[in-house]
Amino acid sequence: MAEVSLDHIEKVYDNGFHAIKDLSLSVSDGEFLVLVGPSGCGKTTALRMIAGLEQITAGDLRIGERVVNNVNARDRDIAMVFQSYALYPHLSVGSNIGFGLELRKMAKDKVRDSVTSVAKTLDLTSMLNRKPKQLSGGQRQRVAMGRAIVREPEVFLMDEPLSNLDAKLRVQMRAEISTLQRRLGTTTIYVTHDQIEAMTMGDRVAVMRLGELQQADSPTELYQNPANIFVAGFIGTPPMTMFHADLTIEGDSATIHIGQREKQHITLAPSVLQQRPGLRQYNGSDIVVGVRSEDLYLEVEGNAPVVVDTELVESLGSSKHVHFLLDAKPVSEDLLGGGVPDPEDIARLGTDDGTRGVAALGPRAAVRAGERMTLGVDTEHVHFFSPETGLAIRA
């Protein structure tokens, strides 16, 4: 096992495309780090540089104590699990798992013992004589992992290994991978575009956008304290509702004013200014406000009520996701930067008529599409961002 350190890493292709920009990130020994972001953000390029499959333009990459910028991939003591499984169709499961050990000229009895041990760990013992075509997608993925585990590398690299599986199997496999990684204690870097996958698996999650690291933190910290509008929009399902508002402060009382046609006023809890004194510099100015779906309530008196138009009600059994239109200026696509689970959703987050959002209400909430609805806002948990920089307004 080993620490992985990226120190001001850059990647510029021959055509001038700047794929990775000043990436500095350390992965502790035994840590499970997830790189997440929309397509084209640079996460797979970063992983391939760690693997030795892409040349580094600038900066230093260390695995353990070694700078490995110019070390061949096969000499870096890493094992990579790919999206496509990359199994040899003519070999049995056992031969696929042990193939790398045979290339190292390991004694046959040691190869057999190692394969048997890994197969037991991955519940593949009864399948060792089968060919890959006889296995399900989840079983093939376990074989691909077994081939990586049997080598006992210092670092595991995983590039979207679950993207070819159906939804139910992905949930099962992500739990299996997390449990296995904790049991083995091997430093692991995992790439995915699925923020739910990232949040449920990683000890830490590193969010990337356009080749730049936006924030690297625990899943809880990312969700509760996003560093900027992009992270706030990307992390969380349903996504955070974000809109422009005018802020006024009088003494210890702060109010936000929204509405392009009919003004509404939301008085913030007294603790908000105490926790975020930086808001005072925006007195009388435009700010971006963000509200999580669980911090909206149905008709809560005295809890910053705001009137919205209900557009769609999704019943999920244990809750209802109520999609609504709020008369408030939406956040621009430039600030969001693709920071929603599906970039195509950007257009649906706002129109000339206002901002679209989602409230997560109880399963018995009496709401119907096409009606007006009064929501209460838990202002103690509201997020605030600079409309110029997109950065969170904190201290």
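The values are calculated or read from the model by the stated rules, or taken from the named source; none is laboratory data. It should be emphasised that the depicted structure is a prediction, and the values quoted were computed from it without experimental measurement. Neighbour counts are summed over all protein chains in view; Cβ atoms, including those assigned to glycine, are modelled from backbone coordinates with ideal geometry.
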*Considering (1) among the charged types (D, E, K, R); (2) touching a Leu at 6+ places or on another chain (Cβ under 9 Å); (3) touching a residue at least 40 places away in the same chain (Cβ under 8 Å), say which one residue 262 fails and leave the rest.*
(2)
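Would you check which residues across region 184-221 are in a loop (DSSP other than H, G, I, E, B) and in contact (Cβ under 8 Å) with a residue 60 or more places away in the chain and list them?
Here is the first cut: in region 184-221, the ones in a loop (DSSP other than H, G, I, E, B) are 185-186, 193-194, 202-203, 210-211, 218.
185, 186, 193, 194, 202, 203, 210, 211, listed by residue number.
Is region 43-51 home to any residue that is more than 24 Å from residue 185 (Cα to Cα) and out of contact with any strand residue (DSSP E or B) (no Cβ under 8 Å at 6 or more places or on another chain)? Can you show your working first?
First, pick out the residues of region 43-51 that are more than 24 Å from residue 185 (Cα to Cα): 45.
With the extra rule that they be out of contact with any strand residue (DSSP E or B) (no Cβ under 8 Å at 6 or more places or on another chain), the set shrinks to none.
Within region 43-51 (the criterion being more than 24 Å from residue 185 (Cα to Cα) and out of contact with any strand residue (DSSP E or B) (no Cβ under 8 Å at 6 or more places or on another chain)), the answer is no, since none of the residues qualifies.
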*asked:* For region 214-233, which positions are touching a Leu at 6+ places or on another chain (Cβ under 8 Å) and surrounded by 23 or more Cβ atoms within 10 Å (Cβ to Cβ)?
replied: 229, 230, 231, 233
_Looking for something under 20 Å from the mean Cα position of the chain (by Cα), part of a strand (DSSP E or B) and of a type outside the set (Ser, Thr, Tyr) - is there at least one such residue anywhere in region 41-64?_
no
*Which members of region 61-86 meet the condition of being out of contact with any Asp or Glu (no Cβ under 9 Å at 6 or more places or on another chain) and crowded, with 17+ Cβ neighbours inside 10 Å?*
85
*Within the group 171, 155, which residue is in contact with a helix residue (DSSP H, G or I) (Cβ under 9 Å, 6 or more places away or on another chain) and crowded, with 22+ Cβ neighbours inside 10 Å?*
155
*Among the residues of region 157-182, count how many are over 22 Å from residue 38 (Cβ atoms) and either in contact (Cβ under 8 Å) with a residue 60 or more places away in the chain or in a strand (DSSP E or B) (or both).*
3
*Quick one: would you say residue 232 is closer than 30 Å to residue 24 by Cβ and hydrophobic (A, V, I, L, M, F, W, C)?*
yes
*Test: residue 97 is surrounded by 13 or more Cβ atoms within 10 Å (Cβ to Cβ), touching a residue at least 40 places away in the same chain (Cβ under 8 Å) and over 15 Å from residue 157 (Cβ atoms)*: yes
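Can you pull out the strands (runs of 3 or more DSSP E) entirely within region 273-317 that have at least 3 residues that are assigned by TED's automatic domain parsing to the domain that holds residue 238 and surrounded by fewer than 18 Cβ atoms within 10 Å (Cβ to Cβ)?
Details: elements: 286-291, 296-298, 306-315.
Once the strands (runs of 3 or more DSSP E) in region 273-317 are filtered for at least 3 residues that are assigned by TED's automatic domain parsing to the domain that holds residue 238 and surrounded by fewer than 18 Cβ atoms within 10 Å (Cβ to Cβ), what remains is 306-315.
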*Answer yes or no: is there a residue in region 236-248 that is among the small types (Gly, Ala, Ser), more than 20 Å from residue 278 (Cα to Cα) and either in contact with a helix residue (DSSP H, G or I) (Cβ under 7 Å, 6 or more places away or on another chain) or not assigned by TED's automatic domain parsing to the domain that holds residue 332 (or both).*
yes
*Could you say whether any residue in region 361-377 is modelled with pLDDT of 85 or more, assigned by TED's automatic domain parsing to the domain that holds residue 249 and either of a type in the set (Asp, Glu) or under 12 Å from residue 243 (Cβ atoms) (or both)?*
yes
_Quick check on my filter: what residues within region 77-133 are of a type in the set (Phe, Trp, Tyr) and more than 32 Å from the chain's Cα centre (by Cα)?_
99
*Does region 330-351 hold any residues that are under 22 Å from residue 264 (Cα atoms), surrounded by fewer than 19 Cβ atoms within 10 Å (Cβ to Cβ) and at pLDDT 65 or above, and which are they?*
332
